[in-house]
Amino acid sequence: PLKDPEGNVTAILGISRDITALKQAEESLRSSASRYRSIVDNVQDLLYRTDMDGKITMISPAGARLAGFGSPEEMIGLDLAQTLYADPQERKKFLSSLARKGFVNAYPLVLKDRLGHHHQVTASSHYFTDPDGHRLGVEGIVHDITHFKQAEEALKEANRKLNLLNSITRHDVANQLTVLQGYTQLAM
């Protein structure tokens, strides 16, 4: 407040600043975060992020379902190798391959869910870093191919059975031809 010599307030002096741009940036950030969250929440593949020790720091709802958990929050802090890998030693092989190139694409793995059921998957992952380039952990996407593998095995089994049937049929036909040739020779 500004006062006259008698101490009476004659005016109020203030400073204001236009924060329209700041509010627009905040709204844009909220909208972007909402779109990102929508993608993570609705993607049908397992999206994940771990720290360098292999502790889960983020997992998508589809990932939690695949692992047999009710929500992603239940999995935060769990050891990925012990929780999801059918063979925890396979994680070391995965990390070795990841370290060679800095990323893996369609890397085949066998994961297990909470009930012990195995899932054939492919992982496409890379290291994520801080602004200075220090590795903070691994992030990626895991695609469940269990149904494809089951279909592939069923197709292999069907081909095996067809080849067996073909062999038996060919053998039976060859036997009949031999008999016919024998009768033809006798008839001559």
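Once the range 9-56 is narrowed to residues that are open to solvent by less than 100 Å² (accessible area, probe 1.4 Å) and in a loop (DSSP other than H, G, I, E, B), the residue that is nearest to Ala106 (Cα to Cα) is Asp45.
For (1) without any contact (Cβ under 8 Å) to a residue 40 or more places away in the chain; (2) surrounded by 12 or more Cβ atoms within 10 Å (Cβ to Cβ), each residue gets a yes or a no:
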{"position": "Pro108", "(1), (2)": "yes, yes"}
{"position": "Leu111", "(1), (2)": "no, yes"}
{"position": "Val121", "(1), (2)": "no, yes"}
{"position": "Tyr127", "(1), (2)": "yes, yes"}
{"position": "Gly137", "(1), (2)": "no, yes"}
{"position": "Ala151", "(1), (2)": "yes, no"}
{"position": "Asn163", "(1), (2)": "yes, no"}
{"position": "Thr178", "(1), (2)": "yes, no"}
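Looking only at the range 168-175, decide whether some residue is within 19 Å of the chain's Cα centre (by Cα) and hydroxyl-bearing (Ser, Thr, Tyr). Within the range 168-175 (the criterion being within 19 Å of the chain's Cα centre (by Cα) and hydroxyl-bearing (Ser, Thr, Tyr)), the answer is no, since none of the residues qualifies. Scanning for something over 26 Å from Tyr36 (Cβ atoms) and over 11 Å from the mean Cα position of the chain (by Cα), does the range 132-147 turn up at least one residue? Checked the range 132-147: at least one residue is over 26 Å from Tyr36 (Cβ atoms) and over 11 Å from the mean Cα position of the chain (by Cα). Taking the conditions (1) in contact (Cβ under 8 Å) with a residue 12 or more places away in the chain; (2) touching a helix residue (DSSP H, G or I) at 6+ places or on another chain (Cβ under 8 Å); (3) over 29 Å from Gly133 (Cβ atoms) in turn, Tyr85 satisfies each one other than (3).
The values are calculated or read from the model by the stated rules, or taken from the named source; none is laboratory data. Just so it is clear, the model here is predicted, and its values are computed rather than measured. Neighbour counts are summed over all protein chains in view; Cβ atoms, including those assigned to glycine, are modelled from backbone coordinates with ideal geometry. For the accessible areas, the whole protein counts, side chains as well, though only heavy atoms, and no ligand, DNA or RNA atoms are used. Shrake-Rupley method; radii C 1.70, N 1.55, O 1.52, S 1.80 Å.
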